[in-house]
Structures are given as C-alpha cells and as structure tokens.
Amino acid sequence: MAIPSDNLKTNYLQMKLGFGLYRHMLTPENYRFARQCGATHLVVHLVDYFKQEKKLAQTDDQPTDTGDGWGIADTEEDFLWTEEGMLRLKQEMNAYGLEWYAIENLNPAHWHDILLDGPQKAEQIERVKDIIRTMGKVGIPCLGYNFSIAGVASRVKGPYARGGAISVGMDGVDENPLPEGMVWNMWIDKTKKRIQKPITSDQLWQRLQGFLEQIIPVAEEAGVILAAHPDDPPMPEIRKTPRLVYQPDLYHRLIALNPSPNNQLEFCLGSLAEMTEGDIYEKTDIFSKENRIGYIHFRNIKGKVPTYKEVFIDEGDIDMFRILKILKANRYEGVLIPDHTPQMSCDAPWHAGMAYAMGFMMAAMKRIDEQ
C-alpha cells in the first residue's frame with residue numbers, strides 16, 4: 001500500500017537527501033524504507049549486477065567478484081529502459097513520496113562497443129541517445145555513467161569498518177588481463193576469452209570525447225544531465241586497461257572536453273579521497289562553485305589506493321561536516337546519497353547500515369543548516 005506524501009522538512013539548505021537502489025531492490029518495501037530514512041529522491045540502477053549464471057545467495061550489498069566478473073550483461077529487461085517501463089517505475093516511486101532523480105550506469109550490453117570502439121559503436125550511440133530522450137520525456141533529470149572498460153574491479157571484502165563490520169576495500173591491483181568478452185566487469189560474450197588488445201590512455205580519452213560530442217547535444221535538448229563517476233578504484237590501470245579519472249585534476253580535463261552545463265560529475269567523495277593526489281575539500285569547493293556536480297556519493301574511506309578500506313560515514317579520513325559547510329557556502333542544491341555502507345551485525349545488515357548513514361546525513365544537514 002502506498003504511503004501518502006507528508007510535509008516533513010528534509011530539504012535542508014536546498015540539498016536533497018537521496019537513496020540508491022540496485023535493480024533487484026526496486027520494491028515497495030524498499031521504497032517505504034527509503035522514505036522512512038528521510039529520502040526524498042532516488043538514484044536507481046537498472047542493470048542487474050547480481051545476475052550470475054550460477055545462482056548465488058541473494059544479497060543487498062554492493063557487488064564484488066573473484067575476477068570472473070559480476071555476471072552476464074544481457075537485454076532481458078530492456079523493457080525497463082523504454083518510456084513505458086520508466087513511467088511505471090516512476091509512478092511506483094512517486095506513490096511512496098519519492099522522486100526519481102537519476103539512473104546510475106548504462107547496461108554494458110547497450111554501450112560496450114562505445115567503450116571498445118567496436119563495430120556496433122554507431123548503433124549503440126543511437127541507443128544511448130534514445131535512452132536519454134526517454135529520460136527527458138519521463139522526467140528523470142540525470143544519468144550517471146562511468147566511462148571505463150574494466151569498470152569496478154580489484155576490490156575485496158572483509159571486516160574493515162568499526163567493530164569488524166563487513167565492508168569493501170582494495171588490497172593490491174588486479175593485473176589479470178581483461179578477456180575480449182568482458183566489459184565493465186560483466187560478460188558480453190563468455191565465448192570470447194582471448195585477451196583484449198591493449199590501448200593507451202589517450203585512445204580512451206579520444207573515445208570519451210567522441211561520446212560526449214555525440215551525446216551532449218541530445219542531453220541538452222532532453223534536459224538531462226550527464227554525470228561522470230571517477231574511476232573506482234582510482235588507479236591509472238586495472239586489468240591491463242587504462243583509466244580516465246584516477247586523480248582529481250583529471251575531472252578538469254573531462255569538463256574541458258565539452259563546456260556544456262549538461263556535462264557534469266557524479267561526485268563520489270569516497271573515490272576522490274582514495275586518490276593519491278589532490279585535496280577533497282578544494283575540489284568540492286571548485287566543482288560546487290562551478291555548478292558541475294550532478295549528484296554526490298556521500299561516503300567515507302580510510303587510506304589511499306591501492307590499500308584503502310570503506311568505513312562508516314563518521315569514522316573515515318573525510319570530515320563530512322566540512323564537506324557540507326562547503327556545499328552550503330556554494331549553495332549546492334543537488335542530491336546526496338550514501339551510495340553504499342558497511343554491513344551491520346544483525347538480521348538486516350544492509351538496512352541497518354543504510355539507516356545509520358541516512359540518520360547521520362539528515363542530522364548533519366540539519367545541524368549545518370542551523371549554523
């Protein structure tokens with residue numbers, strides 16, 4: 001049963017408290033949970049990273065792997081990317097008092113040859129254009145993406161957070177070459193297991209530039225922001241493939257490729273703090289002043305690559321109150337989500353971890369608002 005909208009003030013400083021949900025979590029129970037935690041906006045993954053060939057235990061935690069990827073990238077649920085599919089999901093979210101703010105990540109099956117500069121590139125460019133036009137029609141204002149061949153890899157899981165809470169981190173770089181059939185840590189074709197041909201960093205930057213040249217005009221027309229995630233983990237190379245934004249200054253290079261106001265950043269505080277160079281507070285100040293932040297992953301870490309660990313929001317290297325003060329001073333009005341959190345020792349580890357992070361965020365935003 002849907003929950004009626006309420007008048008609870010949660011829009012401190014005009015910032016919006018958001019919540020991220022994976023594909024398998026798009027349910028009434030989780031919509032209700034997000035709203036109870038104080039969220040007003042959702043950032044949604046439509047790609048099912050947890051779809052393995054061998055059925056594994058269902059989890060709500062972020063996906064990790066042992067080198068063989070997260071599973072198969074297919075088009076079985078392409079209905080979700082249509083206007084009818086998006087409208088249906090949006091109406092479900094709205095019924096629980098939530099706005100659908102962003103889609104996070106494209107399906108590798110939809111854009112692998114854009115990343116690889118392969119034979120289906122032109123066709124897939126048109127596919128991405130159609131997705132953005134559909135988002136504009138439905139009223140989803142932001143698309144988060146990560147222009148990466150290897151995707152999120154080289155991560156390990158363990159009791160890294162306070163009290164031995166299970167979290168993820170990095171303990172060295174995965175240097176196993178990426179097979180031809182894998183893109184963005186998902187299999188496109190499991191029969192193609194030969195090693196991918198190496199490319200240079202400049203070649204990957206050229207592919208991104210061509211992508212933005214084609215896509216940004218469509219995004220402008222549709223009223224959709226493109227928000228680029230930094231590399232996760234932020235290393236210059238993972239699985240023998242180059243990365244793009246593995247130091248904070250490389251975000252400036254990405255923005256310089258296309259000055260459009262629709263060319264923005266999926267500003268992941270955790271990934272940025274894991275980088276070996278730069279100052280997280282300086283970069284937050286610069287990019288929020290320039291109105292280049294599409295939305296924020298508000299999470300905390302300890303350490304730098306290649307040996308960082310994700311921790312609870314209040315125990316890491318980042319002073320989260322200081323970040324909020326900078327955002328307030330620069331009148332940032334976008335969405336902040338916890339992204340992911342350590343798992344807590346109880347019958348609902350993910351829910352408890354997210355509730356803890358959301359409670360911290362709401363209290364911190366209110367406190368900064370009152371200062």
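The values are calculated or read from the model by the stated rules, or taken from the named source; none is laboratory data. Bear in mind the structure is a predicted one, so any value in this text is a computation, not a measurement. Neighbour counts are summed over all protein chains in view; Cβ atoms, including those assigned to glycine, are modelled from backbone coordinates with ideal geometry. These accessible areas exclude ligands, DNA and RNA; they are computed on the full protein's heavy atoms, side chains included. Shrake-Rupley method; radii C 1.70, N 1.55, O 1.52, S 1.80 Å.
Table for the structure above
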| item | result |
| --- | --- |
| Selected residue (criterion: nearest to the chain's Cα centre (by Cα)) from residues of the stretch 111-125 that are under 13 Å from V183 (Cβ atoms) and not in a helix (DSSP H, G or I) | D117 |
| Residue in the stretch 174-192 that is open to solvent by 70 Å² or more (accessible area, probe 1.4 Å) and under 21 Å from T276 (Cα atoms) present | yes |
| Count - residues of the stretch 252-276 that are outside any loop (DSSP other than H, G, I, E, B), without any contact (Cβ under 8 Å) to a residue 40 or more places away in the chain and either under 16 Å from Q206 (Cα atoms) or over 14 Å from the mean Cα position of the chain (by Cα) (or both) | 3 |
| Residues within the stretch 319-371 that are in a loop (DSSP other than H, G, I, E, B), out of contact with any Pro (no Cβ under 9 Å at 6 or more places or on another chain) and more than 13 Å from G38 (Cβ to Cβ), tallied | 15 |
| Candidates Y96, Y160, Y101 - the one that is within 18 Å of G20 (Cα to Cα), open to solvent by 10 Å² or more (accessible area, probe 1.4 Å) and part of a strand (DSSP E or B) | Y101 |
| Odd one out for D285 among (1) assigned to a helix (DSSP H, G or I); (2) of a type outside the set (A, V, I, L, M, F, W, C); (3) open to solvent by less than 10 Å² (accessible area, probe 1.4 Å) | (3) |
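Let's see how each residue does on (1) at pLDDT 95 or above; (2) among the acidic types (D, E); (3) in contact with a strand residue (DSSP E or B) (Cβ under 8 Å, 6 or more places away or on another chain):
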| position | (1), (2), (3) |
| --- | --- |
| I114 | yes, no, no |
| E123 | yes, yes, no |
| R127 | yes, no, no |
| V156 | no, no, yes |
| D171 | no, yes, yes |
| K193 | no, no, yes |
